[in-house]
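Working notes for the structure below.
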Protein chains: 2
Amino acid sequence: MADQGVKALVFDVFGTVVDWRTSVAAEVDALAAAKGWSLDGAEFAARWRALYQPSMQPVRRGEAPYRRLDDLHRDSLRVVLQEYDVALDSEEELEHLNKVWHRLHPWPDSVPGLTRLKKKFILATMSNGNVSLMVNMAKFAGLPWDTILGSEPAQNFKPKSVVYLTGADWLGLDPSQVLMTAAHNHDLGAARKLGFKTAFILRPTEYGPNQHKDNEAESDWDYITNSMEELADKLGA
Amino acid sequence: MADQGVKALVFDVFGTVVDWRTSVAAEVDALAAAKGWSLDGAEFAARWRALYQPSMQPVRRGEAPYRRLDDLHRDSLRVVLQEYDVALDSEEELEHLNKVWHRLHPWPDSVPGLTRLKKKFILATMSNGNVSLMVNMAKFAGLPWDTILGSEPAQNFKPKSVVYLTGADWLGLDPSQVLMTAAHNHDLGAARKLGFKTAFILRPTEYGPNQHKDNEAESDWDYITNSMEELADKLGA
């Protein structure tokens with residue numbers, strides 16, 4: 001399949017490139033064991049993540065100024081700790097746990113696929129994570145980004161158009177030259193409306209064994225794949 | 001020598017990492033030969049570069065909105081072509097020549113040194129070049145940046161404080177954890193005033209065989225070196 005004039009690939013990251021759920025669950029389980037807490041790390045991770053979309057809504061609606069995802073994550077973490085009726089011993093401990101999102105492990109195909117794609121295309125993040133989160137995660141996980149785009153450059157959150165459009169603009173490219181890659185149909189839909197090319201990567205266990213959404217491509221995205229390596233195959237990289 | 005708590009290195013690029021003068025000169029000489037122009041590529045490059053600092057002044061003074069260096073370069077190129085009384089045949093030719101700044105060659109020690117430094121530190125640009133210029137140059141020259149910072153994120157130009165400070169802020173670091181690296185004393189001076197660590201790399205032929213400035217470190221910068229590899233040595237990378 002041809003690459004249709006694509007010059008750059010931009011990526012959703014949480015769920016598409018990294019497996020946030022098992023990464024967060026493992027650290028929470030280890031912490032719970034050390035603290036003597038009785039809780040399930042995967043449930044804790046799911047609850048924390050459930051507060052993710054709502055936490056960005058005031059910014060998207062223009063009701064609050066942009067805040068970094070690190071800060072939204074910290075607010076959400078305090079809520080979840082209260083719900084579980086557990087507490088950390090210091091702000092340093094809280095900060096360390098909050099930064100578990102900087103220490104997420106990639107899906108097994110992500111680094112091999114991205115390494116191949118990087119030889120042919122510009123690779124950038126198009127995530128709602130802030131720059132330092134994305135940079136630290138890249139160092140931790142070995143993700144070979146050329147640069148970080150997404151929420152912080154645009155001072156807003158996907159699926160607001162400004163986030164996608166600022167990314168293409170900073171790359172000096174028309175949206176039609178940029179391939180938005182995600183495991184989430186709604187993310188691809190927002191990008192397609194703006195003229196971006198689209199690639200779906202199926203991640204059937206992002207939310208665990210009983211995942212209820214994004215279990216299939218829900219539109220005729222330009223590329224529909226099961227892994228980053230399959231995407232590299234289809235793009236001739 | 002210890003790394004003094006440094007987590008990230010940020011780099012001036014034109015002159016410090018890449019040899020803009022001989023790169024631009026070579027393309028201009030080739031173009032001149034093809035067009036039958038009688039001119040010296042190195043002189044042309046020097047003249048084009050001489051318009052660089054003045055072109056940014058209206059933005060720094062707050063008299064004009066931020067414009068990308070690609071756009072300032074294009075304006076300056078039109079001036080230089082007029083001075084030489086030569087013309088290109090199309091806007092496409094002009095655009096191609098303007099983007100010679102995306103195709104600059106690194107000094108021989110840059111890629112080996114950066115590759116070592118990347119294993120221990122976050123590496124980012126802190127250039128007045130725009131994001132696409134920096135990304136395309138990195139792809140062309142093999143520069144292993146973790147991300148692009150500098151003028152476009154801050155919508156201003158060095159040595160305005162906001163450029164350096166936005167970079168540290170986006171990395172989630174205090175300036176004291178960031179090492180500004182440059183072949184230009186004035187750039188290091190601006191960063192040091194803000195609390196950044198500083199590293200000087202001597203580039204005695206940036207402006208050719210008769211270079212009149214930056215021929216030595218003019219202050220007690222934290223690191224004073226002759227190459228990127230020597231900087232890696234001193235930082236234990």
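Values quoted throughout were computed directly from the atomic coordinates according to the rules given, and no laboratory measurement underlies them. Being a predicted model, the structure only gives us computed values, none of them experimental. FYI the Cβ positions are ideal-geometry reconstructions off the backbone, even for glycines, and counts take in every protein chain you see.
Over the stretch A:3-78, what is the relative contact order in percent, taking alpha-carbon pairs closer than 8 angstrom and at least six residues apart?
On the way: 41 pairs, mean separation 16.1, N = 76.
Here the relative contact order equals 21 percent.
Which one of A:A64, A:M228, B:V162 is farthest out on the positive end of the charge dipole of the protein assembly as shown, using unit charges on Cβ (Lys, Arg +1; Asp, Glu -1) and the Cα centre as origin?
A:A64
In deg cm²/dmol and to the nearest 500, what is the mean residue ellipticity at 222 nm of chain B if only DSSP H runs of at least 4 residues count, each as -39500 (n - 2.57), divided by the residue total? Show your work: numbers first, answer last.
Working: 11 runs with 109 residues, N = 237.
Result for chain B, helices only: -13500 deg cm²/dmol.
Provide the net charge surrounding B:K197, with neighbours chosen by a C-beta distance below 11 Å and charges set as Lys +1, Arg +1, Asp -1, Glu -1. Each step should come with its number before you reach the end.
Details: positive: B:K7, B:R192; negative: B:D3, B:D174, B:D222.
For residues surrounding B:K197, the net value is -1.
Tell me, what is the FRET efficiency for B:Y52 and B:H96 to the nearest 0.05, using R0 = 25 angstrom and their Cβ-Cβ distance as r?
Details: r = 19 Å, r/R0 = 0.78.
Rounded to the nearest 0.05, the efficiency is 0.80.
Count the net charge of all other residues whose Cβ sits under 10 Å from the Cβ of A:R49, scoring Lys and Arg as +1 and Asp and Glu as -1. List each step's numbers first, then the result.
Details: positive: A:R21, A:R47; negative: A:E206.
Surrounding charge for A:R49 is +1.
Would you mind giving the mean number of other chain beta-carbons within 10 Å of the Cβ of each residue in A:115-127, as a whole number? It would help to have the intermediate numbers written out before the result.
Details: counts 0, 0, 0, 1, 1, 0, 1, 5, 2, 4, 1, 0, 0.
Partner Cβ neighbours, averaged per residue: 1.
Semi-axes of the equivalent ellipsoid of the stretch A:20-102: what are they in whole Å, largest first, if each equals the square root of 5 times a C-alpha gyration tensor eigenvalue?
On the way: eigenvalues 112, 33, 25 Å².
Equivalent ellipsoid of the stretch A:20-102: 24, 13, 11 Å, largest first.
Note the distances from B:Q211 to each other copy's matching label point, with points 7 Å along the Cα-to-beta-carbon direction, in nm, sorted shortest first.
5.3
Rounded to the nearest 0.05, what FRET efficiency do A:R61 and A:L194 have when you use their Cβ-Cβ distance and R0 = 22 Å? Mind showing how you got there, number by number?
Numbers: r = 20 Å, r/R0 = 0.89.
Result of the calculation: an efficiency of 0.65.
Where the centroid of each part is defined by its Cα atoms, how far is the stretch B:149-220 from the stretch A:107-147 in Å?
Cα centroid of the stretch B:149-220 versus Cα centroid of the stretch A:107-147: 27 Å apart.
Using the Cα gyration tensor of the protein assembly as shown, with a ≥ b ≥ c the square roots of its eigenvalues, what is the shape: rounded (a/c below 1.5), prolate (a/b larger than b/c) or oblate (neither)? Provide the component values of the computation, followed by the final result.
Values: a/c = 2.14, a/b = 1.51, b/c = 1.41.
Prolate.
Along Cα→Cβ, 7 Å out, is where each label goes; now give me the distance between the ones at A:T205 and B:H212 in nm to one decimal.
According to this spin-label approximation, the distance is 6.8 nm.
Counting only C-alpha contacts under 8 Å and six or more residues apart, can you give the relative contact order of the stretch A:157-237 as a whole percent?
It comes to 24 percent, rounded to a whole number.
Choose one of B:A199, A:F196, A:V135: the residue whose Cα lies farthest towards the positive end of the charge dipole of the protein assembly as shown (beta-carbon charges +1 Lys, Arg; -1 Asp, Glu; about the Cα centre).
A:F196
For peptide B:130-139, compute the average count of partner chain beta-carbon atoms within 10 Å of each residue's beta-carbon. Don't jump to the answer; show the numbers that get you there.
Numbers: counts 3, 10, 8, 1, 3, 10, 5, 0, 3, 6.
For this peptide, the per-residue mean of nearby foreign Cβ atoms is 5.
Per residue of the stretch B:224-229, what does 6.51 cos²θ - 1.76 cosθ + 1.60 with θ = phi - 60° give for ³J(HN,Hα)? Whole Hz please, x for Gly and Pro, Karplus curve as stated.
So the Karplus estimates, Gly and Pro as x, are 10, 9, 9, 6, 5, 5 Hz.
May I ask you to order A:81-90, A:156-165, B:142-151 by the average number of other C-beta atoms within 10 Å around their residues, highest value first? Don't skip to the answer; put the middle values down first.
Values: A:81-90: 12.5, A:156-165: 20.0, B:142-151: 24.7.
Result, highest mean first: B:142-151, A:156-165, A:81-90.
Of B:L39, B:I122, B:Q82, which is farthest towards the positive pole of chain B's charge dipole, taken about the Cα centre with +1 and -1 on the beta-carbons of Lys, Arg and Asp, Glu respectively?
B:I122
Which whole-number percentage describes the relative contact order of chain B, with Cα contacts under 8 Å and a sequence gap of 6 or more? Kindly include the intermediate steps, with their values, before the conclusion.
Working: 401 pairs, mean separation 60.0, N = 237.
Computed over chain B, the figure is 25 percent.
How large is the dipole of the stretch B:20-102 about the Cα centre if only Lys and Arg carry +1 and Asp and Glu carry -1, each at its Cβ, rounded to the nearest 20 debye? Could the numbers behind the result be given before it?
Details: 11 positive and 15 negative charges, 103 e Å.
The dipole magnitude comes to about 500 debye.
Can you compute the charge dipole magnitude of chain A about its Cα centre, using +1 on each Lys and Arg Cβ and -1 on each Asp and Glu Cβ, nothing else charged? Give it in debye, rounded to the nearest 20.
660
Give A:K193/A:K213; B:K193/B:K234; A:K119/B:K35; A:K213/B:K7 a once-over and call out the pairs whose C-alpha atoms are over 29 Å from each other. Mind showing how you got there, number by number?
Details: A:K193/A:K213 21 Å; B:K193/B:K234 23 Å; A:K119/B:K35 34 Å; A:K213/B:K7 39 Å.
In this structure, A:K119/B:K35; A:K213/B:K7 lie more than 29 Å apart at Cα.
Quick check for you: which residues of the stretch A:167-196 have the amide N under 15 Å from the point 7 Å beyond the Cα of A:S161 toward its beta carbon?
Under cut-off, by backbone N: A:167-169, A:175-176, A:189-196.
Would you compute, for the Cα atoms of chain B, the largest minus smallest coordinate along each principal axis and list the three values in descending order, in whole Å?
Reported extents, whole Å, longest axis first: 55, 37, 31.
Which Cβ of chain A lies nearest the axis of the rotation superposing A onto B, and at what whole-Å distance?
So the chain A residue sitting closest to the axis is A:T147, 3.
Peptide B:163-170: average number of partner chain Cβ atoms within 10 Å per residue?
Numbers: counts 0, 0, 0, 0, 1, 0, 4, 9.
The per-residue average across the peptide is 2.
Can you tally the net charge around A:P58? Count Lys and Arg as +1, Asp and Glu as -1, for every other residue whose Cβ sits under 13 Å from the Cβ of A:P58. Walk me through the intermediate numbers first.
On the way: positive: A:R60, A:R61, A:R67, A:K160; negative: A:E63, A:D71, A:D75.
Local charge sum for A:P58: +1.
Considering every pair of different Cα atoms, what Kirkwood radius, in Å, is found for the stretch B:1-68?
15.0
Amide H of B:T198 versus every other amide H placed in the peptide plane: which residues, excluding those fewer than 5 positions away on the same chain, fall under 5 Å?
Correct list: B:M180, B:D222, B:Y223.
Inter-copy label distances at A:P54, 7 Å along the Cα→beta-carbon direction, one decimal in nm, shortest first?
6.0
Based on the Cα coordinates of the stretch B:172-237, what is the per residue volume of their convex hull in Å³?
On the way: hull volume 5.7 nm³, N = 66.
Looking at the stretch B:172-237, the number lands at 87 Å³ per residue.
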